[in-house]
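These notes concern the structure reproduced below.
The values are calculated or read from the model by the stated rules, or taken from the named source; none is laboratory data. These figures come from a predicted structure and were not determined experimentally. Please note: Cβ atoms are built from the backbone with ideal geometry, for glycine as well, and neighbour counts cover all protein chains shown.
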Amino acid sequence: MSLAVDCLELGPIRTNCYLVRTGDGAEEAVVVDPSGDAPRLQLELAGLGARCVGILVTHTHWDHLLAVAELAEGAGAPVWAPRAERERLSEPATAGHRVPVRAHDPEHLVGGGDAVAVAGIDFEVVAVPGHTPGHVAFYADGALFSGDVLFAGSVGRTDLEDGDWEQLLASIRMLMERYPPETVVYSGHGPETTLGQELARNPFLQELRV
């Protein structure tokens, strides 16, 4: 099965948000990292003839959370968020977000090795720490929703609070070994890419090519 994936750049720094369906015409959708403008998200979904039945959060930096609470409440959709970062979503006032984030207590907490079945899609949850300690990625049907771990030509920052370069590199190495090179990477910022393209050309991954 090839997933239908629509990308919207939302919020103050145009963070990628993904609308994921089993295919064109599917009536149920999963929203990955609602990064802002919940009304626009609802309009985009309506234009696709779909409704949001689940929300996946890769990590809890503010730019990936801005529309989580409003979309979850408006759509009546449950949220799956990283177990190790729950407080940054359920108690954002204590998390030091640069932009105010509305609190939402996620209905489901996940970590590496878990599975999420929603909208007819079976996602594998993969632990990918480094950008943040509890960061997860979601994989299904040849698509990897990587959050801020791996980008086209770049990688996630590790100079922020709790970032760890060695952890990040180990996470990316694991993804390269676990999934085929043609796996499509849907990142938190920038265009889509593949694992193979990044292993071959990404200047930050030189250590993985030796």
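So that you can scan it fast, the table gives a plain yes or no per residue for (1) under 16 Å from Gly134 (Cα atoms); (2) crowded, with 17+ Cβ neighbours inside 10 Å; (3) not basic (Lys, Arg):
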| position | (1), (2), (3) |
| --- | --- |
| Arg14 | no, no, no |
| Gly25 | no, no, yes |
| Pro39 | no, no, yes |
| His108 | yes, no, yes |
Quiz item: Can you tell me which of Val53, Val79, Val116 is in contact with a helix residue (DSSP H, G or I) (Cβ under 6 Å, 6 or more places away or on another chain), of a type in the set (Val, Ile, Thr) and more than 17 Å from Asp148 (Cα to Cα)?
Solution: Val79
Exercise. Out of the residues in region 56-80 that are in contact (Cβ under 8 Å) with a residue 60 or more places away in the chain and within 13 Å of His104 (Cβ to Cβ), state the one that is nearest to the chain's Cα centre (by Cα).
Key: His64
Self-check item: Selection count where residues are among the polar types (S, T, N, Q) and in a strand (DSSP E or B), scope region 3-53
Solution: 2
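Could you tell me which of the residues Phe123, Phe145 is aromatic (Phe, Trp, Tyr), in a strand (DSSP E or B) and under 23 Å from Ala200 (Cα atoms)? Show your work before the answer.
Details: Phe123 fails: under 23 Å from Ala200 (Cα atoms).
On inspection, the qualifying residue turns out to be Phe145.
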Self-check item: Every residue from region 171-184 that is surrounded by 14 or more Cβ atoms within 10 Å (Cβ to Cβ) and outside any loop (DSSP other than H, G, I, E, B)
Solution: Ser171, Ile172, Arg173, Met174, Leu175, Met176, Val184
Quiz prompt | Which numbered condition Thr58 fails, given (1) at negative phi; (2) surrounded by fewer than 21 Cβ atoms within 10 Å (Cβ to Cβ); (3) part of a loop (DSSP other than H, G, I, E, B) | solution = (2)
Exercise. Kindly provide the set of residues from region 84-103 that are out of contact with any Asp or Glu (no Cβ under 8 Å at 6 or more places or on another chain) and either under 30 Å from Glu27 (Cβ atoms) or at pLDDT 95 or above (or both), ordered by number.
Key: Val101
Self-check item: Failed condition for Gly190, given (1) in contact with a Phe, Trp or Tyr (Cβ under 9 Å, 6 or more places away or on another chain); (2) crowded, with 18+ Cβ neighbours inside 10 Å; (3) within 23 Å of Gly36 (Cα to Cα)
Solution: (2)
Quiz item: With Glu91, Glu85 as the choices, which residue is under 23 Å from Pro133 (Cβ atoms) and surrounded by 20 or more Cβ atoms within 10 Å (Cβ to Cβ)?
Solution: Glu85
